[in-house]
Amino acid sequence: MKNLLIFILTLVTFSAIGQRNQQTGKGSDVTHKYRASFPVIILPQLFEKAWDDRTHTQHIEFHVKRNLDNKNIIGVKFATWRLFQPMGILWWDGLLDKVDSGSEFYPGHVRETGLGISYQRMLWKGLFATVEVLPQYKTYLDENKSKLGNGFKLYTSYHLGYHLSFGKNKRFFIEPQVHCQTWVFDTNTPDEFKVMDDKWRNYFLFEPNFYFGVNF
């Protein structure tokens, strides 16, 4: 019931956003209609370790957004990553220590891939808040990379950050931010993975991130 309530509240939020956009969208001109961006965190992974390293997340993420006006931005998000341990281990649970020790590693990996939507609201100057909803298709692999099964997860994230444009005609931008995420409807998890997930939460708090993008 709790998971269903979260999902319904998310849908209601997007519905309210859409209605407000229709009411306030009286053609506030914008310099650029579209933007594309990605999290800078995906770049170091291309050089720091082998792609198939046990703790490599193989994270790829890309956003394309449409500026409805100077306050409201909607977008599409594509993301794929590989988890080697439960996502619900928080900083104060000793997240980094558990990565180093391997004490909470899955008996393999889970690949999560999805295409979702986002809404970004400019609050004051460059300060913004974003909501993202990402349905994900999951593939479970054992340590020998043999497929164990597939599942589904509804992943949502909530961001607070600051937008800074620069360059000629403010063509480029960066968005330092912090976000929290939760996931519901996590289905068809193999028992050997589920026993690990059940030890931890279905949310993660205060993840720092840094996006780079281009306006066009």
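For the range 68-97, filtering for residues that are outside any loop (DSSP other than H, G, I, E, B), without any contact (Cβ under 8 Å) to a residue 60 or more places away in the chain and among the aromatic types (Phe, Trp, Tyr) leaves 3.
Scan the range 45-89 for residues that are surrounded by fewer than 14 Cβ atoms within 10 Å (Cβ to Cβ), more than 21 Å from residue 133 (Cα to Cα) and of a type outside the set (Val, Ile, Thr) and the total you get is 10. Checked against (1) in contact with a Leu (Cβ under 6 Å, 6 or more places away or on another chain); (2) not in a strand (DSSP E or B), residue 129 passes all but condition (2). Considering the range 144-199, the residues that are under 22 Å from the mean Cα position of the chain (by Cα) and acidic (Asp, Glu) include one that is surrounded by the fewest Cβ atoms within 10 Å (Cβ to Cβ), namely 198. Against the criterion of being surrounded by fewer than 18 Cβ atoms within 10 Å (Cβ to Cβ) and either part of a strand (DSSP E or B) or without any contact (Cβ under 8 Å) to a residue 24 or more places away in the chain (or both), residue 100 qualifies. When we screen 43, 11, 68, 83 for residues that are more than 30 Å from residue 191 (Cβ to Cβ) and either touching a Ser or Thr at 6+ places or on another chain (Cβ under 9 Å) or modelled with pLDDT of 95 or more (or both), the only hit is 68.
Residue-wise test of (1) in contact with a Leu (Cβ under 6 Å, 6 or more places away or on another chain); (2) within 23 Å of residue 162 (Cα to Cα); (3) of a type outside the set (D, E, K, R).
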| position | (1), (2), (3) |
| --- | --- |
| 74 | no, yes, yes |
| 85 | no, no, yes |
| 97 | no, no, no |
| 118 | no, yes, yes |
| 121 | no, yes, no |
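Taking the range 112-124 as the range and being in contact with a strand residue (DSSP E or B) (Cβ under 8 Å, 6 or more places away or on another chain) and either touching a residue at least 40 places away in the same chain (Cβ under 8 Å) or farther than 23 Å from residue 140 by Cβ (or both) as the test, the residues that pass are 112, 114, 116, 117, 118, 119, 120, 121, 122, 123.
Please find, among 147, 170, the residue that is without any contact (Cβ under 8 Å) to a residue 40 or more places away in the chain and not small (Gly, Ala, Ser).
Numbers: 170 fails: without any contact (Cβ under 8 Å) to a residue 40 or more places away in the chain.
Answer to the selection: 147.
The values are calculated or read from the model by the stated rules, or taken from the named source; none is laboratory data. Since the model is a prediction, treat every value here as computed from it, not as a measurement. Note: ideal-geometry Cβ built from the backbone for every residue, glycine included; neighbour counts use all protein chains shown.
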